[in-house]
Amino acid sequence: MSGGNRWRESRAAARPARRTAGLLAVMAVSMFAATASAQHEATLEPAGNDVADTASLQRGAMYFVNYCLGCHSAQYVRYNRLAEDLQLTENLVVQNLMFTGEQPFDTMTNSMRPEDSVRWFGIAPPDLSLIARSRGTDYVYTFLRSFYEAPASPTGVDNVVLPNTAMPHVLWELQGINRAVFEADEAHDGEEVFRRFEQVSAGQLGTQQYDQVVRDIVNFLDYIGDPTQLAREALGVRVIAFLLVFLVIAWLLKREIWKDVT
Ligand code: HEC
């Protein structure tokens, strides 16, 4: 093989490498751009919910039925499944969670027709079965705590996390009404950025109590987004425990067998 050939070969090998490097550069730049634009968005606060906390799930289910189900469905969730997972008797579920003559094997839907909701809100409220998975628990937690008064909006409120949202502040009686303070930010060419909330009128609950209510709702949404996660985690722990016990047995067995050999 001549030298020229070898050179050509190595050039050919270098080409895909250079293409990969170029691709990486493009990815790095676009990732930088993504983080840069994310800075303009609201910072999400950690939901801190715990799907193993059954009492919190029970409260979350109650809040969900009372405050959300009127507009949003959870079409993949059956009431009898809830009863089982949340350790409620079917009677309790019927009395506390089912108000409009549903059957225990029904899913959590409402009677709002999509065309009506579009007429009322301009957009149909999304089904919330998978919202905690698609948007993330921190997102929903921050969203429900970020409504502020906006007289120009049809609902009288706006939201820092989802600007121009069509959703009204359905928990305003609990939280009260906030004003949002926006200030010009030098780092972003004087663009207005959200700084903080100031309470205009108090609600029935203090800040921490309200946060707990939202955490319970988010916990419930987290659970319905993946109802088997509780069982799966419990099974995982048992599998690991079995493997550890088996490890000891295997080690003892090995010692027994090799005793005579060494
Ligand atoms: C009066 C009707 C109504 C009620 C009650 C209601 N919502 Fe909404 N919700 C909406 C509408 C309309 C949208 C669509 C908003 C948009 O896209 O601007 C929405 C959107 C959402 C979203 C999606 C936000 C996004 O980023 O797309 C979440 C999460 C949500 N609602 C949670 C809740 C929870 C939790 C409750 C109960 C505490 C609730 N909603 C009660 C009308 C309602």
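All of the numbers you see were taken from the coordinates with simple rules; none came from a lab. Note that this is a predicted model, so its numbers are computed, not measured. Glycine gets a Cβ as well: all are built from the backbone with ideal geometry, and neighbour counts include every protein chain shown.
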| field | Euclidean distance of C-alpha centroids, the stretch 122-146 and the stretch 209-237, integer Å | value | 14
| remark: Residues whose built amide H sits under 5 Å from the amide H of GLY176, excluding neighbours closer than 5 in sequence, are GLY203, GLN204
| field | Gain upon complete extension [ARG179, ASP53; 0.36 nm per residue less C-alpha separation] | value | 42.1 nm
| For TYR141, TYR63, what ranking results if the residue with the fewest other Cβ atoms within 10 Å of its Cβ goes first? | TYR63, TYR141
| Estimated distance in nm for a label pair at MET62 and TYR76, the labels positioned 7 Å out from Cα along Cα-to-Cβ | 2.7
| When the Karplus curve 6.51 cos²θ - 1.76 cosθ + 1.60 is applied with θ = phi - 60°, which whole-Hz ³J(HN,Hα) does each residue of the stretch 66-74 get, with x for Gly and Pro? | 6, 10, 10, 4, x, 10, 9, 9, 9
| DSSP-defined antiparallel bridges as percent of all bridges, the stretch 39-227, nearest 5 | 100
| said: To make sure I understand, if each residue's beta carbon is the centre and we count other beta carbons within 10 Å, what order do SER146, SER73, SER153 fall in, fewest to most? | reply: SER153, SER73, SER146
| request: Calculate the dipole size of the stretch 39-227 relative to its Cα centre from +1 charges on Lys and Arg beta carbons and -1 charges on Asp and Glu beta carbons; express the result in debye to the nearest 20. | output: 520
| query | How many nm is it between the label spots at ALA231 and ILE123, if each spot is 7 Å from the Cα in line with the beta carbon? | reply | 3.5
| task | Taking the Cβ of each residue in ARG179, ARG196 as the centre, tally the other Cβ atoms inside 10 Å and list the residues starting with the fewest. | result | ARG196, ARG179
| query | From the residues THR155, ILE217, GLY190, which one has its Cα farthest along the dipole of the stretch 111-262 in the positive direction, the dipole being from +1 and -1 charges on Cβ of Lys/Arg and Asp/Glu about the Cα centre? | reply | ILE217
